[in-house]
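Encoded as structure tokens, the structure appears first; notes follow it.
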Amino acid sequence: MSDDHLYRRGVGVMLINEAGQVWVGKRIDNTDEAWQMPQGGIDEGEEPLATAYRELEEETGIAAHLVEQVAAHPQRLRYDLPPELAGTLWKGKWKGQDQDWFLMR
């Protein structure tokens, strides 16, 4: 029996520039020092790569036509939420995320 239904399907983007620097952004919806790379959930019927471009633009303002995909991780990466967030984030619907990750420049 699979536990896939317990994990939110999503994507993440590691965005680098020509100097090899990695983009990370400070979350504005959090009072803690919370930084992250662009990431988010896949909408129904949406492909992971399309989601990655959408999330990149939504979270950074960088349009899809300004970046190129360099690589994709060969497997999804899954993680569990920390116990203090598990019952509150996403209203407790998921215990973590199962993400496709893309490298873009």
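The values are calculated or read from the model by the stated rules, or taken from the named source; none is laboratory data. What you see is a predicted model, and the numbers here were worked out from it, not measured in a lab. Quick reminder, even Gly has a Cβ in these numbers, built from the backbone with ideal geometry, and neighbours come from all protein chains shown. The area values use the complete protein model at the heavy-atom level, side chains included, leaving out ligands, DNA and RNA. Shrake-Rupley method; radii C 1.70, N 1.55, O 1.52, S 1.80 Å.
Output the antiparallel fraction of DSSP beta bridges having both residues in the chain, as a percent to the nearest 5.
Details: 13 of 22 bridges.
Expressed as a percentage, antiparallel bridges in the chain total about 60.
Picking from Thr88, Gln39, Trp101, whose Cα lies most toward the positive end of the charge dipole for the chain (charges on Cβ: Lys, Arg +1; Asp, Glu -1)?
Farthest along the dipole direction, towards plus: Thr88.
Using the Kirkwood formula on the Cα atoms of segment 1-48, what hydrodynamic radius do you get, in angstrom to one decimal?
About 13.3 Å, per the Kirkwood formula over Cα pairs.
Under a plain spin-label model, where a point goes 7 Å from the Cα along Cα-to-Cβ, how far apart in nm are Asp3 and Leu66?
Each label point lies 7 Å from its Cα, and together they span 4.0 nm.
What translational diffusion coefficient, to the nearest whole µm²/s, does the chain have by Stokes-Einstein, given a Kirkwood radius computed over alpha-carbon pairs, a temperature of 4 °C and 1.567 mPa s viscosity?
In µm²/s, the coefficient rounds to 88.
Compute, for Arg76, the solvent-accessible surface of its heavy atoms (probe 1.4 Å) with the complete set of protein chains present, and express it in square angstrom to the nearest 10.
Accessible area, nearest 10 Å²: 120 Å².
Before rounding to the nearest 500, sum -39500 (n - 2.57) across all DSSP H runs of length at least 4 in the chain and divide by the residue total; then give [θ] at 222 nm in deg cm²/dmol.
Using -39500 (n - 2.57) per qualifying helix, the result is -4500 deg cm²/dmol.
Any idea of Asp3's accessible area? Nearest 10 Å², probe 1.4 Å.
Rounded to the nearest 10, the figure is 60 Å².
When you count, for each residue, the other Cβ atoms within 10 Å and take the mean per peptide, how do 45-52, 27-34, 81-88 rank with the highest first?
Sorting 45-52, 27-34, 81-88 by mean packing, highest first, produces 45-52, 81-88, 27-34.
What does the charge dipole of the chain about its Cα centre add up to, to the nearest 20 debye, if the Cβ of each Lys and Arg holds +1 and the Cβ of each Asp and Glu holds -1?
200 debye
If you line up the Cα atoms of segment 48-105 on their principal axes, what length do they span on each, largest first, in Å?
Cα spread of segment 48-105 along its principal axes, largest to smallest: 38, 26, 15 Å.
Taking only Cα atoms, what is the 0 to 90° angle, nearest 10, from helix 48-60's long axis to the longest principal axis of the chain?
Approximately 80 degrees, to the nearest 10.
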